[in-house]
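Participant: Quick one: the structure is below, and I'll ask about it shortly.
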Amino acid sequence: MRYVVGVDVGGTNLVAGVLAEDGSEIHGVVSEPTLAAQGADAVTARIVKLAKASIAEFGKKV
């Protein structure tokens, strides 16, 4: 089965998870505050960090 990383970018929180490509499974869900006031570069860096954390928690190749 193939897996993808999904990220929900909200004004208050960012949430990332690893999902089966067909949507039948979700794993490695992690979240943290968006902190939008810190600017776009900081939010982008936080998204990348969160996606990597989700993959690490899942523990398989994505």
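Participant: Does residue 7 satisfy the condition of being modelled with pLDDT of 95 or more, in contact with a Leu (Cβ under 7 Å, 6 or more places away or on another chain) and of a type outside the set (Lys, Arg)? Please lay out each step first, then the result.
Facilitator: Details: modelled with pLDDT of 95 or more: yes; in contact with a Leu (Cβ under 7 Å, 6 or more places away or on another chain): yes; of a type outside the set (Lys, Arg): yes.
Taking the combined requirement at face value, the residue satisfies it.
Participant: Further question on the same structure: For the stretch 35-48, name all the residues that are hydrophobic (A, V, I, L, M, F, W, C) and not in a helix (DSSP H, G or I). Show your work before the answer.
Facilitator: Applying the first criterion (hydrophobic (A, V, I, L, M, F, W, C)) to the stretch 35-48 yields 35-37, 40, 42-43, 45, 47-48.
Passing the criteria: only 35.
Participant: Can you report the number of residues in the stretch 20-48 which are touching a residue at least 24 places away in the same chain (Cβ under 8 Å) and of a type in the set (Gly, Ala, Ser)?
Facilitator: Residues meeting the conditions: 2.
Participant: Then there's this: Given the structure, is residue 22 over 9 Å from the mean Cα position of the chain (by Cα) and of a type in the set (D, E, K, R)?
Facilitator: Numbers: over 9 Å from the mean Cα position of the chain (by Cα): yes; of a type in the set (D, E, K, R): yes.
Yes: the conditions hold for residue 22.
Participant: Go through the stretch 1-51 and give me each residue that's within 13 Å of residue 62 (Cβ to Cβ) and of a type in the set (A, V, I, L, M). Outline the logic, then answer.
Facilitator: To start, the set of residues in the stretch 1-51 that are within 13 Å of residue 62 (Cβ to Cβ) comprises 1-7, 16-21, 25-28, 51.
Across the stretch 1-51, the qualifying residues are 1, 4, 5, 7, 16, 18, 19, 20, 26, 51.
Participant: Of everything in the stretch 2-34 that's in a loop (DSSP other than H, G, I, E, B) and touching a strand residue (DSSP E or B) at 6+ places or on another chain (Cβ under 9 Å), which residue is surrounded by the most Cβ atoms within 10 Å (Cβ to Cβ)?
Facilitator: 34
Participant: Is one or more of the residues making up the stretch 49-62 surrounded by 13 or more Cβ atoms within 10 Å (Cβ to Cβ), in contact with a strand residue (DSSP E or B) (Cβ under 9 Å, 6 or more places away or on another chain), in contact (Cβ under 8 Å) with a residue 40 or more places away in the chain and part of a loop (DSSP other than H, G, I, E, B)?
Facilitator: Yes, the conditions are met somewhere in the stretch 49-62.
The values are calculated or read from the model by the stated rules, or taken from the named source; none is laboratory data. Predicted model, so just to flag it, every value in this text is computed and none were measured. Neighbour counts run over all protein chains shown; Cβ positions are idealised from the backbone, glycine included.
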